[in-house]
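Remarks on the structure that follows.
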């Protein structure tokens, strides 16, 4: 015998996400908030992948005054950062986490509306399309912002140009995002066509 | 361009109610009401056949095409 939950096309994703979303959102937003708080209140610490920055105790160290290599944070810390350096510190910490929390929220909202209005509706198809657009654009942009901040910050810690990696070496491009985003947008087109067919069918006497 | 349904007129001419017609053709009153009020998007041949038999009419008596 088939139960209702087995027939529900939104399960098991809807149930799982409803259960995990509060915890996942709390962890993601708290992580972003903690990063922002640390950048705004104390030292600005950041990883420096691809950079070779000698410690401030070494002779001829290029580190500027108030900057130090931090083994605890696996990178460099600016103890007296400027406002712009604090902003860059926030941009290193928050965008991808907030973008992920936003994606989970949008997905949950989409599933809730689909559960209320029906899966095969033009409205649900439009919301799937918007979610696909978000996935297509937001993660690459968020990771690019983080990479740009991460590329920029080490230059603020040194007194001379050390070169360092270029932006594209630092940018951890989310390759899955274009495929998933475009896939969702194609799925939305199929859903829109099926919703129109359903409306025709319902209007058939 | 619209398709008009003349179910009202045919029912009145035959002194039949929508409920009676529903029982004769085996289509729910709700669906017949949708058809009568011009809210149907399509009609099955089987429904059209049953209606024509019950009302003793031709499809052209039931439906007409009107330019806007």
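Where a number appears in this text, it was derived from the coordinates with a stated rule and is not lab data. The model shown is predicted, which means the values in this text are computed figures rather than measured ones. Cβ: placed from backbone, ideal geometry, glycine included. Neighbour counts: every protein chain shown.
Over all pairs of different C-alpha atoms in segment B:2-66, the reciprocal of the mean inverse distance, the Kirkwood hydrodynamic radius, equals 11.7 Å. Stokes-Einstein diffusion of segment A:56-167 at 37 °C, 0.692 mPa s viscosity, Kirkwood radius from Cα pairs, rounded to a whole number: 194 µm²/s.
The ranking of A:134, A:105 by Cβ neighbour count inside 10 Å, starting from the fewest, reads A:105, A:134. A helix-only calculation puts the protein assembly as shown at -20500 deg cm²/dmol for mean residue ellipticity at 222 nm, using -39500 (n - 2.57) for each DSSP H run of at least four residues, averaged over all residues. Using the Cβ-Cβ distance between residue A:137 and residue B:28 with R0 set to 51 Å, the FRET efficiency works out to roughly 0.60. Taking the number of Cβ atoms within 10 Å of each Cβ as an exposure proxy, the fewest-first ranking of B:20, A:146 is B:20, A:146. Fewest-first ordering of A:131, B:45, A:37 by other beta carbons within 10 Å of each residue's beta carbon gives B:45, A:37, A:131. Projecting label points 7 angstrom from Cα along Cα→Cβ for residue A:71 and residue A:166 puts them 3.5 nm apart. Angle of helix A:122-156 to the longest C-alpha principal axis of chain A, folded into 0 to 90 degrees and rounded to 10: 0°. For segment A:12-202, the alpha carbon positions stretch 80, 30, 26 Å along the principal axes, listed from largest to smallest.
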